[in-house]
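Presented below is the structure to which this report refers.
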Amino acid sequence: GENVEQHPSTLSVQEGDSAVIKCTYSDSASNYFPWYKQELGKRPQLIIDIRSNVGEKKDQRIAVTLNKTAKHFSLHITETQPEDSAVYFCAATKLYSSASKIIFGSGTRLSIRP
Amino acid sequence: DVKVTQSSRYLVKRTGEKVFLECVQDMDHENMFWYRQDPGLGLRLIYFSYDVKMKEKGDIPEGYSVSREKKERFSLILESASTNQTSMYLCASRRDRGTNNNSPLHFGNGTRLTVT
């Protein structure tokens, strides 16, 4: 089955700097990779996603890149702000399958230093 | 806005008790999921369901069972609770758009279960 590894487990960056979180997946059939953000005491929420037919996707200060050959994908946050502090989870799943699991990485706790 | 409601925010049970965690969604979603969240381990899939009365094992189904008798409700059952099942349990749902399902997961607020 699918296995998703996520690094680093914790990340601290200066406000205004960039943050990068990396994930690898094991199942080459996975073709959809969402990222979720979980603020303290709140539920995870989708922030960006990418399909395997696209190499990069950007939404304002956040972007996701995908390397299918190497089976890894990354989240990039630029010009970080205090409200970016949260736990971020990557995930992998297969589209085109009605009973597809959504497997998450172990999470990255991002802290933004003022 | 999608609403996924978990019946309890906090729950304390004794070892050996049978525990029911209930989840209800109001958006007619086909797919429903149960995850447990533990520090350093992320979100681990216990069971999921893609239709009424249908269920599939996730990565850690041992010690758990599920029930999906109605489309809007997905129950997680701990047949005999143990201390290693102390955790945060998150229910989620999403719409199944057939062969092109990239609809997002919508999570409930979670149930923090303590087994003593």
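The values are calculated or read from the model by the stated rules, or taken from the named source; none is laboratory data. What you see is a predicted model, and the numbers here were worked out from it, not measured in a lab. Positions of Cβ are backbone-derived with ideal geometry, glycine not excepted, and every protein chain shown enters the neighbour counts. Surface areas here come from the heavy atoms of the whole protein model, side chains and all, with no ligands, DNA or RNA. Shrake-Rupley method; radii C 1.70, N 1.55, O 1.52, S 1.80 Å.
Within the range B:8-42, the set of residues being under 11 Å from the mean Cα position of the chain (by Cα) and either among the aliphatic types (A, V, I, L, M) or surrounded by fewer than 20 Cβ atoms within 10 Å (Cβ to Cβ) (or both) comprises B:PHE20, B:LEU21, B:GLU22, B:VAL24, B:MET32. Condition test on B:GLY63, is it on the phi > 0 side of the Ramachandran plot, at the interface with chain A (Cβ under 8 Å from one of its Cβ atoms) and touching a strand residue (DSSP E or B) at 6+ places or on another chain (Cβ under 8 Å)? So B:GLY63 fails the test. B:LYS53 passes all but one of (1) exposed (fewer than 14 other Cβ atoms within 10 Å of the Cβ); (2) within 14 Å of chain A (Cβ to nearest Cβ); (3) under 21 Å from B:ASN109 (Cα atoms); which number fails? The number of the failed condition is (3). Among the numbered conditions (1) touching a Gly at 6+ places or on another chain (Cβ under 8 Å); (2) over 21 Å from B:ASP59 (Cβ atoms); (3) surrounded by 16 or more Cβ atoms within 10 Å (Cβ to Cβ), the only one that B:THR5 does not meet is (3). The set of residues in the range A:19-43 being among the hydroxyl-bearing types (Ser, Thr, Tyr) and exposed (fewer than 13 other Cβ atoms within 10 Å of the Cβ) consists of A:SER28 alone.
Here is a yes/no grid of residues against (1) more than 12 Å from every other protein chain (Cβ to nearest Cβ); (2) over 16 Å from A:HIS72 (Cβ atoms); (3) in contact with a helix residue (DSSP H, G or I) (Cβ under 9 Å, 6 or more places away or on another chain); (4) not charged (D, E, K, R):
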site	(1), (2), (3), (4)
A:SER9	no, yes, no, yes
A:VAL20	yes, no, no, yes
A:TYR25	yes, no, no, yes
A:SER28	yes, no, no, yes
A:PRO34	no, no, no, yes
A:LYS37	no, yes, yes, no
A:LEU40	yes, yes, no, yes
A:ARG43	no, yes, no, no
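Residues that are assigned to a strand (DSSP E or B) and open to solvent by 80 Å² or more (accessible area, probe 1.4 Å) within the range B:58-87 comprise B:GLU69, B:LYS70, B:ARG73, listed in sequence order. Among the residues of the range A:23-55, the one identified as touching a Pro at 6+ places or on another chain (Cβ under 8 Å), charged (D, E, K, R) and over 16 Å from A:SER100 (Cβ atoms) is A:LYS37. The residues of the range B:34-50 that are touching a residue at least 40 places away in the same chain (Cβ under 8 Å) and either facing another protein chain (nearest Cβ under 8 Å) or among the small types (Gly, Ala, Ser) (or both), listed by number, are B:TYR35, B:LEU43, B:TYR50.
Close contacts from the range A:59-72, counting a first residue that is within 15 Å of A:ASP84 (Cβ to Cβ) and a second that is open to solvent by 60 Å² or more (accessible area, probe 1.4 Å) and of a type in the set (Ser, Thr, Tyr), with Cβ to Cβ under 9 Å and a gap of 6+ residues or different chains, come to none at all.
Would you check if there is a residue in the range B:88-108 being of a type in the set (Ser, Thr, Tyr), modelled with pLDDT of 95 or more and either open to solvent by 10 Å² or more (accessible area, probe 1.4 Å) or out of contact with any Ser or Thr (no Cβ under 8 Å at 6 or more places or on another chain) (or both)? There is no residue in the range B:88-108 that is of a type in the set (Ser, Thr, Tyr), modelled with pLDDT of 95 or more and either open to solvent by 10 Å² or more (accessible area, probe 1.4 Å) or out of contact with any Ser or Thr (no Cβ under 8 Å at 6 or more places or on another chain) (or both).
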